[in-house]
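So the structure is just underneath, and the comments pick up after that.
Please treat every number below as a calculation from the coordinates, not as lab data. Since the structure is predicted, the reported quantities are computational estimates derived from the model, not experimental observations. Cβ atoms come from the backbone with ideal geometry, glycine included; neighbour counts cover every protein chain shown.
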Amino acid sequence: QVQLVESGGGSAQAGGSLRLSCAVSGATQGTYDIAWFRQTPGKEREFVSGIDVDGTTEYADSAKGRFTTSHDNAENTVFLQMNSLIPEDTAMYYCKLDRTEKIWTGLKYKRRKTAYWGQGTQVTVSS
């Protein structure tokens with residue numbers, strides 16, 4: 001039901017900028033946070049940035065001061081603005097949605113957490 005589609009990746013030179021987009025559909029109930037991860041071949045996927053429904057953001061040390069994540073007013077698109085790019089930023093970038101729902105079991109409410117991933121968009125930074 002929940003779908004994430006990343007776009008905006010491509011090639012850039014060191015010092016340049018790119019803006020990634022994550023289009024979200026199907027997340028109509030519960031609360032959710034959206035995060036950006038990146039991964040290179042042979043390495044574990046790592047956290048880059050995150051944003052919750054209220055706009056509170058969090059950044060990895062590697063992203064602080066250079067990357068900015070935000071969302072539009074409709075909260076159906078999340079952006080990752082990447083400035084001052086360096087070759088080490090080269091990776092596949094993934095959008096992740098963490099959804100929290102309150103489920104009624106017949107006796108009480110329980111929280112259900114589900115993670116959804118997009119297919120990724122490639123970013124290549126050359127020196």
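Determine the dipole magnitude for the chain: charges of +1 sit on the beta-carbon of Lys and Arg, -1 on that of Asp and Glu, nothing else is charged, the reference point is the Cα centre, and the result goes in debye to the nearest 20. Don't jump to the answer; show the numbers that get you there.
Working: 14 positive and 14 negative charges, 102 e Å.
Computed charge dipole of the chain: roughly 500 debye.
Below 8 Å, C-alpha to C-alpha, sequence gap of six or more: please give me the relative contact order for the chain in percent. The partial results should precede the final answer.
Details: 311 pairs, mean separation 43.5, N = 127.
Computed value for the chain: 34 percent relative contact order.
When every alpha-carbon pair in the range 65-127 is counted, what percent end up more than 20 Å apart?
49 percent
From the gyration tensor of the Cα coordinates in the range 19-62, what semi-axes in whole Å does the equivalent ellipsoid have, largest first, with each one equal to sqrt(5λ)? Mind showing how you got there, number by number?
Numbers: eigenvalues 100, 37, 19 Å².
Gyration-tensor ellipsoid for the range 19-62: 22, 14, 10 Å.
In Å, what Kirkwood hydrodynamic radius results for the chain from the alpha-carbon pair distances?
Roughly 15.2 Å, rounded to one decimal.
Return the ratio Rg/(2.2 N^0.38 Å) for the range 1-75, where Rg is computed over Cα atoms only.
Ratio of Rg to 2.2 N^0.38 Å for the range 1-75: 1.20.
Enumerate the calculated ³J(HN,Hα) couplings along the range 43-56 in order (Karplus 6.51 cos²θ - 1.76 cosθ + 1.60, θ = phi - 60°), each rounded to whole Hz, writing x wherever the residue is Gly or Pro.
10, 6, 4, 10, 6, 10, 7, x, 8, 9, 5, 8, x, 5
Give me the percent of DSSP beta bridges within the chain that run antiparallel, rounded to the nearest 5.
90 percent
Mind checking which aspartates and glutamates have their C-alpha under 12 Å from Lys110, skipping anything on the same chain fewer than 8 residues away?
Within reach: Glu101.
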